[in-house]
Amino acid sequence: MNKGLVLYKSKYGAVKKYTAMLKSELPCDICEIGKDKLPDFNPYDWIVFAGGIYAGGISGLHILKKNFKHLASQKLVVFCVGASPYDEKSFAELKAHNFCGDLKNIPVFYGRGMWDESKMSWKDRALCKMLQKAVAKKDPSSCEPWMKALLCSAGTACDWTDRSYLIPLLSYLKA
Ligand SMILES: Cc1cc2nc3c(=O)[nH]c(=O)nc-3n(C[C@H](O)[C@H](O)[C@H](O)COP(=O)(O)O)c2cc1C
């Protein structure tokens, strides 16, 4: 039986929700980056690094980067969660921005998360409002999918988390 570990970082709960869904489908150990003590990675056959996307970066990815050299025998996967609808071009840019060198070969999967300005920290809310204002001034025909989603979700509470986003990841882990 394959032994698996999910290392996750979640600020507003979407990644945590996906982690719980994953565990219910595929028994594994869970470790919350920044809260739990990092385990010994050696006993694991596969490790999923799951994190929210913040300003184009994937939270918690530093743990993978720091430990990558010692993770030669494990199947490694990244599951990232953002508010934007999936878009091939944006996803390719996200991967190019976050993965370089040997990390380029790690499979990356995407799930759509949550958006609730009322639950955001003051700083995050201010940042999002600033971005929304800047995007609102743009010609709608030149807006990227994430910009349109940002405008649509302004002032509303959205939860796009869905088990279906885990299907490609589950298939990969079970193969
Ligand atoms: C300050 C801030 C920046 C964000 N930047 C992005 C982004 O660049 N791309 C994206 O798709 N979502 C972005 N989001 C949305 C989060 O990725 C989304 O809320 C996700 O569900 C976060 O997962 P978590 O709650 O588990 O941390 C941002 C949210 C905040 C508050």
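Quick check: residue separation of L170 and N2 times 0.36 nm, minus the Cα distance between them. What number comes out in nm?
Full-extension gain reported as 59.2 nm.
In debye, nearest 20, what is the charge dipole magnitude of the range 1-159 about its Cα centre with +1 on Lys and Arg Cβ and -1 on Asp and Glu Cβ, if you could check?
Value, rounded to 20: 420 debye.
Given +1 on the Cβ of Lys and Arg, -1 on the Cβ of Asp and Glu, and no further charges, what dipole in debye does the range 116-157 carry about its Cα centre, rounded to the nearest 20?
160 debye
So which chymotrypsin sites (Phe, Trp or Tyr not before Pro) in the range 83-115 end up in coil per DSSP with only 13 or fewer other C-beta atoms within 10 Å?
Counting only loop positions with at most 13 other Cβ atoms within 10 Å, the chymotrypsin sites (Phe, Trp or Tyr not before Pro) in the range 83-115 are Y86.
Using the Kirkwood radius over Cα pairs, work out the Stokes-Einstein diffusion coefficient for the range 51-175 at 4 °C and 1.567 mPa s, in µm²/s as a whole number. Let's see the in-between values first.
Details: Rh = 16.1 Å.
My calculation gives 80 µm²/s for D.
Only bridges with both residues in the chain count here: give the DSSP antiparallel percent, nearest 5.
20 percent
Here, each number is a calculation from the coordinates, and none is a lab measurement. These numbers were taken from a predicted model, which means no experiment stands behind them. Cβ atoms come from the backbone with ideal geometry, glycine included; neighbour counts cover every protein chain shown.
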